[in-house]
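Working notes for the structure below.
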Amino acid sequence: MARGDKSSYTSKQKRKAEHIEEGYEKRGTGAKEAKRRAWATVNKESGGGKKSGSGRGKKTSHASSRKGGKKGGKASHKSKSSSHKKSSSSKKKSSSKKK
């Protein structure tokens with residue numbers, strides 16, 4: 001099997017890598033680097049190719065997915081809309097006046 005051959009991966013692993021790759025590209029990572037990171041993540045979580053004849057099975061770990069989800073959530077939380085900022089500042093002002 002040549003390096004980079006994806007034939008030993010299940011269809012679920014391939015879909016997962018594609019989804020992760022899209023997420024990296026959305027965050028501004030280059031296509032080639034996004035693909036590399038996506039497959040590295042799949043390999044870390046599932047232990048590599050899982051089709052029959054690929055050795056003993058290993059338990060999956062979703063630690064890297066959790067980390068990515070937290071990072072993405074923080075990034076979206078930082079970019080508040082101007083109306084959100086305005087409303088939260090006016091709420092703070094009105095609550096301080098009541099005291």
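Read the figures in this text as sums done on the coordinates, not as results from a lab. Remember, it's a predicted structure, so these values are computed and weren't measured experimentally. All Cβ positions, even for glycine, are placed from backbone atoms using ideal geometry, and neighbour counts span all protein chains on display.
Observations
- Relative counts (whole %) of C-alpha pair distances in region 8-47, using bins that are 10 Å wide: 35, 53, 12
- Which listed pairs, of LYS26/LYS50; LYS6/LYS26; LYS12/LYS44; LYS6/LYS32, have C-alpha distances above 22 Å, in listed order: LYS26/LYS50; LYS6/LYS26
- Total charge dipole magnitude, region 8-47, about the Cα centre, Cβ charges on Lys, Arg, Asp, Glu only, Debye to nearest 20: 60 debye
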